[in-house]
């Protein structure tokens, strides 16, 4: 009887530990602060990096909206004033008199309720914050299917293998030389053409209504004078997936402090779209809000 009790107690204790660990993992989120703004000077993170057999102390400038880990040593330039905060936190103002400053999460007071999931989504948006010099990336190189990534194929937009939310017309762009282009779109793996058009421009807006949410398509671009051609694929998200993502895009703004300018909000929202792999939609989001962006898609 005693042996049975010991076995049962051991099993219960082990199960409790596993449950607690699992619950803790579900509710945990990475902790970061970020630089909201810096006035009259810059702020740098001080860190050590190995150089041969020695460690060298280096200073790296921190950009606005850049994440900063707890324990980071900050050096604030003389005369500068910086503002730090975290998701759903009050703003902490520091000056050069506080330098060097070691980041501690206990110094940042939460202003409102924020779930672990919301914080993780907010951090994902900040990690991928779209700066003016940010550039989109494609999932694969465009030399797939026999075409090389040069000339006509070099600046295709949307990029090959893009996932796209089913919103607004889809804009197809290319940066190649030439004056007479032909665009043709087919369902992937199907010879039936769903759209075709000839143009002397280097972009075409295609109505969303011809595509099916959740469908996969291949588009073909031909420069008629030279005969140069290339192709790329894209897929539309389902309506449910698109609605889920758009809900998060709106919710990430709830963890920003009051008074944030519209461009910063849009760049943060675009950052969340990038975190979901939606580079086309991130750039489209900025374009719809009147924000210019360097790199592909412009």
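The values are calculated or read from the model by the stated rules, or taken from the named source; none is laboratory data. Just so you know, these numbers come straight off a predicted model, no measurement behind them. Here Cβ is always computed from backbone atoms with ideal geometry, including for glycine, and neighbour counts include all displayed protein chains.
Can you tell me which residues in segment 153-207 are over 28 Å from the mean Cα position of the chain (by Cα) and assigned to a loop (DSSP other than H, G, I, E, B)?
177, 178, 179, 180, 189, 190, 191, 192, 200, 201
Among the listed residues 227, 215, which satisfies the condition of being assigned by TED's automatic domain parsing to the domain that holds residue 179 and closer than 16 Å to residue 166 by Cβ?
215
Could you tell me how many of the residues in segment 68-93 are within 24 Å of residue 125 (Cβ to Cβ) and surrounded by fewer than 18 Cβ atoms within 10 Å (Cβ to Cβ)?
Total meeting the criteria: 9.
Those residues that are out of contact with any helix residue (DSSP H, G or I) (no Cβ under 7 Å at 6 or more places or on another chain) and within 21 Å of residue 136 (Cα to Cα), I need them from segment 172-215; list them, please.
172, 173, 175, 202, 203, 204, 205, listed by residue number.
Within segment 181-197, does at least one residue satisfy the condition of being touching a strand residue (DSSP E or B) at 6+ places or on another chain (Cβ under 6 Å) and without any contact (Cβ under 8 Å) to a residue 12 or more places away in the chain?
Within segment 181-197, one or more residues are touching a strand residue (DSSP E or B) at 6+ places or on another chain (Cβ under 6 Å) and without any contact (Cβ under 8 Å) to a residue 12 or more places away in the chain.
Tally up the residues in segment 221-255 that are part of a loop (DSSP other than H, G, I, E, B) and at pLDDT 95 or above, please.
Qualifying residue count for the region: 2.
Give the number of residues within segment 67-91 that are within 17 Å of residue 105 (Cβ to Cβ) and in a loop (DSSP other than H, G, I, E, B).
Number satisfying all stated conditions: 9.
Give segment 179-198 a look and list any residue that's loosely packed, with under 15 Cβ neighbours inside 10 Å and farther than 16 Å from residue 157 by Cα, or say none.
179, 180, 188, 189, 190, 191, 192, 193, 196, 197, 198
Of all residues in segment 242-256 being in contact (Cβ under 8 Å) with a residue 24 or more places away in the chain and surrounded by 14 or more Cβ atoms within 10 Å (Cβ to Cβ), which is nearest to residue 83 (Cα to Cα)?
Selected residue: 255.
If you take the residues in segment 212-237 that are free of Cβ contacts under 8 Å to residues at least 40 places away in the same chain and surrounded by fewer than 18 Cβ atoms within 10 Å (Cβ to Cβ), which one is farthest from residue 168 (Cα to Cα)?
Top of the filtered list is 227.
Quick one: in segment 273-291, which of the residues that are in contact with a helix residue (DSSP H, G or I) (Cβ under 8 Å, 6 or more places away or on another chain) and not in a helix (DSSP H, G or I) is surrounded by the fewest Cβ atoms within 10 Å (Cβ to Cβ)?
289
Answer with yes or no whether residue 268 is at pLDDT 95 or above and either farther than 25 Å from residue 136 by Cα or touching a helix residue (DSSP H, G or I) at 6+ places or on another chain (Cβ under 7 Å) (or both).
Yes: the conditions hold for residue 268.
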